[in-house]
Amino acid sequence: MAIKTPKYVILNADKKPSFIRAHWLLVSLLGLAVVTFLLGRYSHLGVLQAFKGQKTTWVEVNQQLTEQNEANQKTISQLQTAVKIKEQAILELQQNMNSISDDNAALKAELSFYENLLSHKDEIKKLRVFEVTAEPLAELYQLKVVLAQKLQRANVVKGQLALKLKGIKDDAGQTIDLVEQFDLENDFEFKYFQIKKYAFSLPKGFNPTMLLVELKSNKKVISEEFQWSEIAGGSAQELNDDIIVTQN
């Protein structure tokens, strides 16, 4: 009986790979993650530092702009104040100029009156009504009566003034006692001349024709009549009701 020799097959045993080789992909990914983390961390710190530096710069610039804005606001406020002061000064100057102009006009009118009084053709030898004017203002009349007497060696004269306005109403003659009806101050007292001003209104429908002025002094009565058409008219002026405005 034949003996069979067993057959053996010799196989080379495979070497077991290392952990790194077996898991190279995982290791690679971990390494890449670590590198990425480190790069991200340090690069983020750099960006953060740069941002902090930029923020500091912005704060400084903003502070400078704020200070500059405050300075500009102060400058604008000072300029506005200066402009207001100049405007106020100009306004006051204009008012002063207008006042001076008005004063000059009043002085010229007063000078003209004095010149007329002193150079009157008819020498004033006794108490008389030197001038009468009636100027309209709205529904009122301003009546100015200038009384005068001789300018040389004059004594103080005093008395009472009567004003009677004659006219027509409803086709009938009518006389109005202005002193009585409007309660006018009619006393006079002066040495050379005196100006009296009154304000009164005319009754509706009354057409004045003549003004009678009577001066009662030292038991003497001086009467003068003035045509209303000659004394009335002219431009309206400011009224001073029922008072003596000048005495000399």
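Derivation of every value follows stated rules applied to the coordinates shown; laboratory data play no part. Please read these numbers as outputs of a predicted model, since none were measured by experiment. We place every Cβ from the backbone using ideal geometry, glycine too, and count neighbours over all the protein chains shown.
Figures for the structure shown
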{"read-out": "Burial order of peptide ranges 69-80, 215-226, 139-150 (average beta-carbon count within 10 Å, highest first)", "value": "139-150, 215-226, 69-80"}
{"read-out": "Long pairs among Lys169/Lys219; Lys169/Lys216; Lys150/Lys197, criterion Cα-Cα beyond 24 Å", "value": "Lys169/Lys219; Lys169/Lys216"}
{"read-out": "Stretchable slack from Glu87 to Thr66, in nm (0.36 nm times residue separation minus alpha-carbon distance)", "value": "4.4 nm"}
{"read-out": "Amide N proximity, segment 137-178 versus Thr209 label position 7 Å along Cα-to-Cβ, cut-off under 18 Å", "value": "164-178"}
